[in-house]
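> Mind having a look at this structure? Questions to follow.
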Amino acid sequence: MIALIDYGAGNVASVANALTVLEEDFKITKNETEICRASKIIFPGVGEASFAIKQLHMANLFSLLRMVKKPILGICLGMQLMADHSTEGGVTCLGIFPGTVEKFDPAKTKVPHMGWNDIEITSESKLFRDIKSGEYFYFANSYYVPVSEYTTSITDNNIKFSSAMEKGNYYGVQFHPEKSGDAGLKLLKNFIELC
Amino acid sequence: MLCKRIIPCLDVKDGRVVKGTNFINLIDAGSPVELAERYSKEGADELVFLDITASAEKRKTLVSLVSDVAKAIRIPFTVGGGISELGDIEALLKAGADKVSLNSSIVKDHNLITQAARRFGSQAVVAAIDIKFNGSQYKVYVKGGREETELLGMEWCKLAADLGAGEILLTSMDKDGTKEGYDVDFLKELTSTVTVPVIASGGAGKKEDFLEAFKYANVDACLAASLFHFDILKIKELKLYLKENNITIRI
(Lines give C-alpha, C1' and ligand atoms only; values in the text may rest on other atoms or scores of the structure.)
Protein backbone atom coordinates (compact mmCIF):
# COMPACT_ATOMS: atom_id res chain seq x y z
CA MET A 1 0.00 0.00 0.00
CA ILE A 2 1.18 3.52 -0.89
CA ALA A 3 0.59 6.32 1.58
CA LEU A 4 -0.42 9.51 -0.22
CA ILE A 5 0.16 12.17 2.40
CA ASP A 6 -2.61 14.73 2.78
CA TYR A 7 -1.37 17.38 5.20
CA GLY A 8 -3.57 20.19 3.94
CA ALA A 9 -1.10 21.65 1.43
CA GLY A 10 -1.18 19.25 -1.44
CA ASN A 11 -3.03 18.64 -4.67
CA VAL A 12 -4.02 15.16 -3.54
CA ALA A 13 -6.93 14.63 -5.95
CA SER A 14 -4.79 14.67 -9.10
CA VAL A 15 -2.15 12.33 -7.68
CA ALA A 16 -4.91 10.01 -6.44
CA ASN A 17 -6.47 10.02 -9.93
CA ALA A 18 -3.12 9.09 -11.50
CA LEU A 19 -2.64 6.24 -9.00
CA THR A 20 -6.15 5.01 -9.79
CA VAL A 21 -5.32 4.95 -13.51
CA LEU A 22 -2.20 2.92 -12.65
CA GLU A 23 -4.41 0.55 -10.59
CA GLU A 24 -2.27 1.02 -7.49
CA ASP A 25 -3.41 0.37 -3.95
CA PHE A 26 -3.10 3.64 -2.03
CA LYS A 27 -4.45 5.44 0.98
CA ILE A 28 -4.82 9.20 1.45
CA THR A 29 -3.66 9.88 4.99
CA LYS A 30 -1.81 12.04 7.48
CA ASN A 31 -1.87 9.38 10.18
CA GLU A 32 1.58 8.35 11.49
CA THR A 33 0.68 4.69 11.94
CA GLU A 34 -0.73 4.37 8.43
CA ILE A 35 2.30 6.07 6.94
CA CYS A 36 4.59 3.71 8.88
CA ARG A 37 2.67 0.70 7.57
CA ALA A 38 2.87 1.79 3.92
CA SER A 39 5.45 0.32 1.57
CA LYS A 40 6.03 3.66 -0.15
CA ILE A 41 5.17 7.30 0.44
CA ILE A 42 4.12 10.01 -1.97
CA PHE A 43 4.48 13.52 -0.59
CA PRO A 44 2.78 16.12 -2.82
CA GLY A 45 2.62 19.82 -2.17
CA VAL A 46 1.17 22.98 -3.57
CA GLY A 47 1.22 26.40 -1.98
CA GLU A 48 3.45 28.18 0.45
CA ALA A 49 6.47 26.56 2.17
CA SER A 50 6.19 27.92 5.71
CA PHE A 51 2.46 27.10 5.80
CA ALA A 52 3.20 23.54 4.61
CA ILE A 53 5.95 23.01 7.23
CA LYS A 54 3.58 24.25 9.93
CA GLN A 55 0.99 21.73 8.74
CA LEU A 56 3.62 18.95 8.91
CA HIS A 57 4.48 19.90 12.50
CA MET A 58 0.81 20.00 13.47
CA ALA A 59 0.28 16.52 12.03
CA ASN A 60 3.40 15.26 13.83
CA LEU A 61 4.96 14.28 10.53
CA PHE A 62 8.09 16.47 10.47
CA SER A 63 10.40 14.09 12.35
CA LEU A 64 8.82 11.02 10.81
CA LEU A 65 9.54 12.25 7.27
CA ARG A 66 13.14 13.10 8.24
CA MET A 67 13.80 9.60 9.51
CA VAL A 68 11.73 7.41 7.27
CA LYS A 69 13.62 4.55 5.57
CA LYS A 70 11.16 3.58 2.84
CA PRO A 71 11.06 5.15 -0.62
CA ILE A 72 9.43 8.57 -0.54
CA LEU A 73 8.66 10.77 -3.56
CA GLY A 74 8.29 14.52 -3.01
CA ILE A 75 6.35 16.33 -5.74
CA CYS A 76 6.77 20.07 -6.44
CA LEU A 77 6.62 21.80 -3.04
CA GLY A 78 7.07 18.30 -1.58
CA MET A 79 10.57 18.17 -3.11
CA GLN A 80 11.37 21.73 -2.02
CA LEU A 81 10.43 20.84 1.57
CA MET A 82 13.16 18.16 1.48
CA ALA A 83 15.85 20.89 1.23
CA ASP A 84 17.57 22.45 4.27
CA HIS A 85 15.80 25.75 4.15
CA SER A 86 13.35 27.75 2.04
CA THR A 87 13.42 31.50 1.45
CA GLU A 88 9.64 31.27 1.00
CA GLY A 89 8.51 32.31 4.47
CA GLY A 90 12.10 31.81 5.74
CA VAL A 91 11.46 28.33 7.05
CA THR A 92 13.62 25.39 8.13
CA CYS A 93 12.73 22.36 6.04
CA LEU A 94 13.38 18.62 6.34
CA GLY A 95 17.13 18.86 5.61
CA ILE A 96 17.45 15.85 3.33
CA PHE A 97 18.97 17.68 0.36
CA PRO A 98 21.60 20.32 1.10
CA GLY A 99 20.89 23.89 0.05
CA THR A 100 18.32 26.62 0.18
CA VAL A 101 15.18 26.92 -1.94
CA GLU A 102 15.35 30.22 -3.87
CA LYS A 103 12.82 32.33 -5.76
CA PHE A 104 13.14 32.83 -9.53
CA ASP A 105 14.29 36.36 -10.30
CA PRO A 106 11.44 38.25 -12.05
CA ALA A 107 14.06 40.48 -13.71
CA LYS A 108 15.40 37.44 -15.58
CA THR A 109 12.38 35.22 -16.16
CA LYS A 110 8.61 35.04 -15.81
CA VAL A 111 7.40 34.02 -12.38
CA PRO A 112 5.73 31.59 -11.80
CA HIS A 113 7.57 29.18 -14.11
CA MET A 114 4.40 27.76 -15.61
CA GLY A 115 3.94 25.20 -18.34
CA TRP A 116 5.70 22.36 -20.11
CA ASN A 117 9.48 22.32 -19.96
CA ASP A 118 12.05 19.68 -20.87
CA ILE A 119 14.42 17.90 -18.53
CA GLU A 120 18.07 16.98 -19.03
CA ILE A 121 18.86 13.80 -17.16
CA THR A 122 22.26 14.29 -15.52
CA SER A 123 22.64 11.10 -13.54
CA GLU A 124 21.11 7.67 -13.69
CA SER A 125 17.95 7.22 -11.68
CA LYS A 126 15.38 4.45 -11.48
CA LEU A 127 12.73 7.15 -11.78
CA PHE A 128 13.81 7.76 -15.37
CA ARG A 129 13.73 4.17 -16.67
CA ASP A 130 12.47 4.42 -20.29
CA ILE A 131 12.32 8.22 -20.04
CA LYS A 132 14.79 10.19 -22.12
CA SER A 133 16.43 13.57 -21.79
CA GLY A 134 14.32 16.11 -23.67
CA GLU A 135 11.02 14.72 -22.38
CA TYR A 136 8.49 17.40 -21.40
CA PHE A 137 6.87 17.67 -17.98
CA TYR A 138 4.43 20.19 -16.54
CA PHE A 139 5.79 22.72 -14.03
CA ALA A 140 4.08 25.36 -11.88
CA ASN A 141 6.61 26.85 -9.47
CA SER A 142 7.90 30.23 -8.34
CA TYR A 143 10.73 28.74 -6.24
CA TYR A 144 13.41 26.21 -7.13
CA VAL A 145 16.06 23.97 -5.59
CA PRO A 146 19.57 24.84 -6.87
CA VAL A 147 21.60 22.15 -8.63
CA SER A 148 23.65 19.97 -6.23
CA GLU A 149 25.39 16.57 -6.14
CA TYR A 150 21.96 14.98 -5.56
CA THR A 151 20.40 16.48 -8.70
CA THR A 152 19.39 13.82 -11.22
CA SER A 153 17.85 16.11 -13.84
CA ILE A 154 18.25 19.76 -14.71
CA THR A 155 15.73 22.13 -16.28
CA ASP A 156 16.47 25.51 -17.83
CA ASN A 157 14.30 28.51 -17.02
CA ASN A 158 16.96 31.11 -17.83
CA ILE A 159 18.60 29.65 -14.75
CA LYS A 160 19.35 25.93 -14.45
CA PHE A 161 17.66 24.28 -11.48
CA SER A 162 17.04 20.79 -10.08
CA SER A 163 13.99 19.27 -11.75
CA ALA A 164 14.63 15.90 -10.07
CA MET A 165 16.72 14.83 -7.07
CA GLU A 166 17.65 11.62 -5.33
CA LYS A 167 19.46 10.69 -2.12
CA GLY A 168 19.11 7.16 -0.74
CA ASN A 169 15.40 6.47 -0.28
CA TYR A 170 14.47 10.13 -0.91
CA TYR A 171 13.26 11.11 -4.39
CA GLY A 172 11.98 14.47 -5.53
CA VAL A 173 10.57 15.99 -8.71
CA GLN A 174 9.89 19.68 -9.19
CA PHE A 175 7.35 19.05 -11.98
CA HIS A 176 3.91 17.46 -11.64
CA PRO A 177 4.05 13.88 -12.98
CA GLU A 178 0.32 13.52 -12.26
CA LYS A 179 -0.31 16.32 -14.80
CA SER A 180 2.34 15.39 -17.36
CA GLY A 181 0.54 12.98 -19.64
CA ASP A 182 2.02 9.55 -20.39
CA ALA A 183 5.59 10.47 -19.38
CA GLY A 184 4.33 11.51 -15.96
CA LEU A 185 2.43 8.26 -15.47
CA LYS A 186 5.54 6.36 -16.52
CA LEU A 187 7.61 8.15 -13.88
CA LEU A 188 5.07 7.40 -11.15
CA LYS A 189 5.01 3.77 -12.23
CA ASN A 190 8.82 3.66 -12.09
CA PHE A 191 8.77 5.02 -8.54
CA ILE A 192 6.22 2.43 -7.47
CA GLU A 193 7.78 -0.57 -9.22
CA LEU A 194 11.52 0.12 -9.18
CA CYS A 195 12.43 2.37 -6.26
CA MET B 1 13.34 25.93 -22.43
CA LEU B 2 9.80 26.56 -21.34
CA CYS B 3 7.30 25.83 -24.11
CA LYS B 4 4.65 28.19 -25.38
CA ARG B 5 1.18 26.79 -24.70
CA ILE B 6 -1.95 26.19 -26.79
CA ILE B 7 -5.13 26.23 -24.73
CA PRO B 8 -8.59 25.29 -26.06
CA CYS B 9 -11.41 26.94 -24.13
CA LEU B 10 -14.68 25.08 -23.53
CA ASP B 11 -17.90 26.85 -22.59
CA VAL B 12 -19.99 24.78 -20.24
CA LYS B 13 -23.71 25.22 -19.58
CA ASP B 14 -25.60 22.96 -17.18
CA GLY B 15 -22.81 20.39 -17.30
CA ARG B 16 -22.60 20.19 -21.13
CA VAL B 17 -20.21 21.86 -23.54
CA VAL B 18 -21.95 24.37 -25.77
CA LYS B 19 -20.69 26.15 -28.80
CA GLY B 20 -21.98 29.16 -30.56
CA THR B 21 -20.93 32.56 -31.75
CA ASN B 22 -20.89 35.43 -29.27
CA PHE B 23 -23.08 33.56 -26.80
CA ILE B 24 -25.94 33.17 -29.25
CA ASN B 25 -27.17 30.14 -31.18
CA LEU B 26 -25.77 27.79 -28.56
CA ILE B 27 -25.56 24.18 -29.74
CA ASP B 28 -24.86 21.20 -27.53
CA ALA B 29 -21.33 20.08 -28.38
CA GLY B 30 -21.09 17.07 -26.15
CA SER B 31 -19.79 15.96 -22.81
CA PRO B 32 -16.98 17.97 -21.21
CA VAL B 33 -15.14 14.78 -20.35
CA GLU B 34 -15.16 13.45 -23.92
CA LEU B 35 -14.05 16.77 -25.39
CA ALA B 36 -11.36 17.19 -22.75
CA GLU B 37 -10.00 13.75 -23.62
CA ARG B 38 -10.08 14.55 -27.32
CA TYR B 39 -8.21 17.83 -26.99
CA SER B 40 -5.74 16.26 -24.59
CA LYS B 41 -4.98 13.51 -27.15
CA GLU B 42 -4.65 16.05 -29.94
CA GLY B 43 -1.87 17.83 -28.05
CA ALA B 44 -3.54 20.63 -26.07
CA ASP B 45 -1.16 21.84 -23.36
CA GLU B 46 -3.91 22.87 -20.98
CA LEU B 47 -7.66 23.37 -20.99
CA VAL B 48 -9.95 26.11 -19.74
CA PHE B 49 -13.56 25.43 -18.75
CA LEU B 50 -15.79 28.45 -18.57
CA ASP B 51 -19.08 27.88 -16.81
CA ILE B 52 -21.87 29.97 -18.27
CA THR B 53 -24.67 28.32 -16.30
CA ALA B 54 -26.93 30.70 -14.43
CA SER B 55 -28.63 28.59 -11.80
CA ALA B 56 -28.54 28.03 -8.09
CA GLU B 57 -27.35 24.48 -8.51
CA LYS B 58 -24.34 25.79 -10.38
CA ARG B 59 -21.59 25.09 -7.89
CA LYS B 60 -22.59 21.50 -7.29
CA THR B 61 -22.69 20.75 -11.03
CA LEU B 62 -19.37 22.44 -11.58
CA VAL B 63 -17.59 20.57 -8.78
CA SER B 64 -18.81 17.21 -10.04
CA LEU B 65 -17.81 18.13 -13.59
CA VAL B 66 -14.32 19.10 -12.42
CA SER B 67 -14.01 15.83 -10.59
CA ASP B 68 -15.01 13.83 -13.72
CA VAL B 69 -12.63 15.79 -15.95
CA ALA B 70 -9.74 15.40 -13.50
CA LYS B 71 -10.23 11.63 -13.55
CA ALA B 72 -10.14 11.53 -17.33
CA ILE B 73 -7.19 13.72 -18.32
CA ARG B 74 -3.55 14.03 -17.27
CA ILE B 75 -2.98 17.64 -18.30
CA PRO B 76 -3.66 20.77 -16.25
CA PHE B 77 -6.93 22.64 -16.46
CA THR B 78 -8.47 25.88 -15.28
CA VAL B 79 -12.06 26.49 -14.26
CA GLY B 80 -13.81 29.85 -14.38
CA GLY B 81 -17.22 31.48 -14.36
CA GLY B 82 -18.93 33.08 -11.40
CA ILE B 83 -16.40 32.03 -8.75
CA SER B 84 -16.59 34.54 -5.93
CA GLU B 85 -15.52 32.96 -2.64
CA LEU B 86 -12.52 31.17 -1.17
CA GLY B 87 -14.83 28.25 -0.36
CA ASP B 88 -15.73 27.88 -4.05
CA ILE B 89 -12.06 27.92 -5.02
CA GLU B 90 -11.18 25.33 -2.40
CA ALA B 91 -13.96 22.98 -3.54
CA LEU B 92 -12.87 23.23 -7.20
CA LEU B 93 -9.17 22.71 -6.48
CA LYS B 94 -9.94 19.81 -4.15
CA ALA B 95 -12.02 18.21 -6.90
CA GLY B 96 -8.93 18.26 -9.13
CA ALA B 97 -8.82 21.61 -10.97
CA ASP B 98 -5.32 23.09 -11.14
CA LYS B 99 -6.29 26.73 -11.36
CA VAL B 100 -9.32 28.93 -11.08
CA SER B 101 -9.95 31.91 -13.27
CA LEU B 102 -11.45 34.93 -11.52
CA ASN B 103 -13.01 37.86 -13.35
CA SER B 104 -15.93 39.95 -12.00
CA SER B 105 -15.33 38.87 -8.39
CA ILE B 106 -11.80 40.30 -8.22
CA VAL B 107 -12.90 43.59 -9.76
CA LYS B 108 -15.48 43.84 -6.99
CA ASP B 109 -13.07 42.70 -4.28
CA HIS B 110 -9.37 43.11 -5.16
CA ASN B 111 -8.45 41.49 -1.87
CA LEU B 112 -9.78 38.13 -3.07
CA ILE B 113 -6.70 37.74 -5.32
CA THR B 114 -4.32 38.09 -2.39
CA GLN B 115 -6.36 35.85 -0.12
CA ALA B 116 -6.61 33.13 -2.77
CA ALA B 117 -2.90 33.37 -3.64
CA ARG B 118 -1.88 33.08 0.02
CA ARG B 119 -4.09 30.10 0.63
CA PHE B 120 -3.67 28.14 -2.61
CA GLY B 121 -0.52 29.62 -4.16
CA SER B 122 -0.25 32.15 -7.02
CA GLN B 123 0.05 29.34 -9.56
CA ALA B 124 -3.61 28.45 -8.91
CA VAL B 125 -4.98 31.97 -9.40
CA VAL B 126 -5.63 33.27 -12.91
CA ALA B 127 -6.86 36.83 -13.30
CA ALA B 128 -9.21 36.87 -16.31
CA ILE B 129 -9.44 40.40 -17.62
CA ASP B 130 -11.79 41.55 -20.41
CA ILE B 131 -10.87 44.81 -22.11
CA LYS B 132 -12.42 47.08 -24.74
CA PHE B 133 -11.01 50.17 -26.43
CA ASN B 134 -13.35 53.17 -26.17
CA GLY B 135 -11.57 55.35 -28.70
CA SER B 136 -9.06 56.82 -26.28
CA GLN B 137 -8.36 54.15 -23.67
CA TYR B 138 -8.77 50.48 -22.80
CA LYS B 139 -11.49 49.93 -20.20
CA VAL B 140 -12.12 46.80 -18.13
CA TYR B 141 -15.49 45.08 -18.48
CA VAL B 142 -17.16 42.56 -16.16
CA LYS B 143 -20.17 40.24 -16.08
CA GLY B 144 -19.32 38.56 -19.36
CA GLY B 145 -18.58 41.88 -21.07
CA ARG B 146 -21.95 43.43 -20.26
CA GLU B 147 -20.80 46.00 -17.72
CA GLU B 148 -18.13 48.67 -18.07
CA THR B 149 -16.01 49.50 -15.02
CA GLU B 150 -13.87 52.45 -14.01
CA LEU B 151 -10.70 50.38 -14.31
CA LEU B 152 -8.15 50.93 -17.06
CA GLY B 153 -6.88 47.81 -18.84
CA MET B 154 -3.13 48.02 -18.30
CA GLU B 155 -3.40 49.35 -14.76
CA TRP B 156 -5.76 46.59 -13.67
CA CYS B 157 -3.53 43.89 -15.22
CA LYS B 158 -0.53 45.27 -13.35
CA LEU B 159 -2.43 45.55 -10.07
CA ALA B 160 -3.84 42.01 -10.38
CA ALA B 161 -0.30 40.65 -10.85
CA ASP B 162 1.03 42.73 -7.94
CA LEU B 163 -1.78 41.46 -5.71
CA GLY B 164 -0.71 37.85 -6.34
CA ALA B 165 -2.35 36.52 -9.51
CA GLY B 166 -0.05 33.92 -11.07
CA GLU B 167 -1.23 34.46 -14.62
CA ILE B 168 -3.24 36.93 -16.67
CA LEU B 169 -5.82 35.72 -19.17
CA LEU B 170 -6.39 38.79 -21.34
CA THR B 171 -9.44 38.86 -23.60
CA SER B 172 -9.85 41.63 -26.13
CA MET B 173 -13.58 42.17 -26.59
CA ASP B 174 -12.88 44.22 -29.73
CA LYS B 175 -11.15 41.25 -31.34
CA ASP B 176 -13.27 38.44 -29.90
CA GLY B 177 -15.18 36.64 -32.64
CA THR B 178 -13.61 38.68 -35.47
CA LYS B 179 -10.94 36.11 -36.46
CA GLU B 180 -8.67 39.09 -37.27
CA GLY B 181 -5.96 38.08 -34.83
CA TYR B 182 -5.20 38.84 -31.18
CA ASP B 183 -4.76 42.40 -29.91
CA VAL B 184 -0.98 42.07 -30.22
CA ASP B 185 -0.17 45.71 -29.49
CA PHE B 186 -1.85 45.68 -26.10
CA LEU B 187 -0.41 42.22 -25.40
CA LYS B 188 3.11 43.30 -26.32
CA GLU B 189 2.93 46.18 -23.86
CA LEU B 190 1.41 43.87 -21.25
CA THR B 191 4.16 41.24 -21.47
CA SER B 192 6.80 43.91 -21.02
CA THR B 193 4.92 45.40 -18.06
CA VAL B 194 4.12 42.34 -15.90
CA THR B 195 6.43 39.47 -14.93
CA VAL B 196 3.71 36.81 -14.66
CA PRO B 197 2.77 34.67 -17.69
CA VAL B 198 0.19 36.13 -20.08
CA ILE B 199 -2.47 34.16 -21.99
CA ALA B 200 -3.81 35.84 -25.15
CA SER B 201 -7.51 35.44 -25.89
CA GLY B 202 -9.94 36.78 -28.44
CA GLY B 203 -9.50 37.06 -32.18
CA ALA B 204 -7.59 33.99 -33.35
CA GLY B 205 -8.62 33.06 -36.87
CA LYS B 206 -5.60 31.38 -38.44
CA LYS B 207 -2.18 29.88 -37.68
CA GLU B 208 -0.37 33.14 -38.36
CA ASP B 209 -2.31 34.88 -35.56
CA PHE B 210 -0.78 32.50 -33.00
CA LEU B 211 2.70 33.01 -34.42
CA GLU B 212 2.32 36.77 -34.22
CA ALA B 213 1.11 36.61 -30.60
CA PHE B 214 4.07 34.45 -29.59
CA LYS B 215 6.73 36.17 -31.68
CA TYR B 216 5.71 39.82 -31.71
CA ALA B 217 3.77 40.13 -28.44
CA ASN B 218 5.83 37.51 -26.56
CA VAL B 219 2.80 35.96 -24.85
CA ASP B 220 3.21 32.67 -23.00
CA ALA B 221 0.04 30.97 -24.15
CA CYS B 222 -2.72 31.40 -26.71
CA LEU B 223 -6.33 30.50 -26.04
CA ALA B 224 -8.93 29.79 -28.70
CA ALA B 225 -12.39 28.32 -28.74
CA SER B 226 -14.44 28.22 -31.94
CA LEU B 227 -11.39 27.68 -34.13
CA PHE B 228 -10.83 24.31 -32.49
CA HIS B 229 -14.49 23.44 -31.83
CA PHE B 230 -15.51 23.89 -35.43
CA ASP B 231 -12.41 22.06 -36.68
CA ILE B 232 -11.16 25.08 -38.62
CA LEU B 233 -7.71 24.40 -37.23
CA LYS B 234 -6.26 21.19 -35.80
CA ILE B 235 -4.07 21.57 -32.71
CA LYS B 236 -1.43 19.21 -34.14
CA GLU B 237 -1.23 21.11 -37.41
CA LEU B 238 -0.98 24.43 -35.55
CA LYS B 239 1.80 23.15 -33.30
CA LEU B 240 3.83 21.79 -36.21
CA TYR B 241 3.51 25.14 -37.99
CA LEU B 242 4.69 27.01 -34.87
CA LYS B 243 7.63 24.62 -34.42
CA GLU B 244 8.68 25.15 -38.05
CA ASN B 245 8.67 28.85 -37.25
CA ASN B 246 11.05 28.40 -34.33
CA ILE B 247 8.55 28.66 -31.51
CA THR B 248 9.43 26.38 -28.57
CA ILE B 249 6.45 24.08 -28.43
CA ARG B 250 5.63 20.61 -27.13
CA ILE B 251 4.75 18.24 -29.96
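> Across the range A:136-195, what is the number of residues that are part of a strand (DSSP E or B) and of a type outside the set (F, W, Y)?
Start the filter on the range A:136-195 by keeping residues that are part of a strand (DSSP E or B), which leaves A:136-141, A:143-144, A:146, A:151-156, A:160-167, A:170-173.
Okay, now just the ones that are also of a type outside the set (F, W, Y), so A:140-141, A:146, A:151-156, A:160, A:162-167, A:172-173.
The qualifying residues number 18.
> Condition test on B:T178, is it open to solvent by less than 60 Å² (accessible area, probe 1.4 Å) and at pLDDT below 95?
Against the criterion (open to solvent by less than 60 Å² (accessible area, probe 1.4 Å) and at pLDDT below 95), B:T178 qualifies.
> Next question. State the number of residues belonging to the range A:35-75 that are at pLDDT below 95, open to solvent by less than 30 Å² (accessible area, probe 1.4 Å) and not in a helix (DSSP H, G or I).
Here the count works out to 4.
> Shifting gears a bit: Hey, B:A213 hits all of (1) within 16 Å of the chain's Cα centre (by Cα); (2) under 28 Å from A:G47 (Cβ atoms) but one; which does it fall short on?
(2)
> Residue check, A:A164 against (1) within 13 Å of another protein chain (Cβ to nearest Cβ); (2) of a type outside the set (F, W, Y); (3) open to solvent by less than 10 Å² (accessible area, probe 1.4 Å), all met but one. Which one?
For A:A164, the failing item is (1).
> A further question follows. Please tell me if A:F137 is under 16 Å from A:P98 (Cβ atoms), open to solvent by less than 20 Å² (accessible area, probe 1.4 Å), free of Cβ contacts under 8 Å to residues at least 60 places away in the same chain and within 14 Å of chain B (Cβ to nearest Cβ). Write out each step before concluding.
Working: under 16 Å from A:P98 (Cβ atoms): no; open to solvent by less than 20 Å² (accessible area, probe 1.4 Å): yes; free of Cβ contacts under 8 Å to residues at least 60 places away in the same chain: yes; within 14 Å of chain B (Cβ to nearest Cβ): yes.
No: the conditions fail for A:F137.
> Here is a follow-up. Quickly run through the range A:91-130 and pick out the residues that are within 14 Å of another protein chain (Cβ to nearest Cβ) and open to solvent by 10 Å² or more (accessible area, probe 1.4 Å).
Correct list: A:K103, A:D105, A:P106, A:A107, A:K108, A:T109, A:K110, A:V111, A:D118, A:E120.
> Still on this model: Being part of a helix (DSSP H, G or I), closer than 16 Å to A:N11 by Cα and more than 8 Å from chain A (Cβ to nearest Cβ) is the filter here, so list the residues in the range B:89-121 that pass it. Full working, then the answer.
First, pick out the residues of the range B:89-121 that are part of a helix (DSSP H, G or I): B:89-94, B:104-108, B:111-120.
Filter again for closer than 16 Å to A:N11 by Cα, leaving B:89-94, B:116-120.
Of everything in the range B:89-121, those that are part of a helix (DSSP H, G or I), closer than 16 Å to A:N11 by Cα and more than 8 Å from chain A (Cβ to nearest Cβ) turn out to be B:I89, B:E90, B:A91, B:L92, B:A116, B:A117.
Okay, residues lined up against (1) open to solvent by less than 10 Å² (accessible area, probe 1.4 Å); (2) out of contact with any strand residue (DSSP E or B) (no Cβ under 8 Å at 6 or more places or on another chain); (3) modelled with pLDDT under 95:
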residue: B:T191; (1), (2), (3): no, no, no
residue: B:K207; (1), (2), (3): no, yes, no
residue: B:A213; (1), (2), (3): yes, no, no
residue: B:E237; (1), (2), (3): no, yes, no
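The values are calculated or read from the model by the stated rules, or taken from the named source; none is laboratory data. In this text the structure is predicted, and so the values were computed from the model without any measurement. Every residue, glycine among them, receives a Cβ derived from its backbone with ideal geometry; neighbour counts consider all protein chains shown. Heads up: the accessible areas ignore ligands, DNA and RNA and are worked out on the full protein's heavy atoms, side chains in. Shrake-Rupley method; radii C 1.70, N 1.55, O 1.52, S 1.80 Å.
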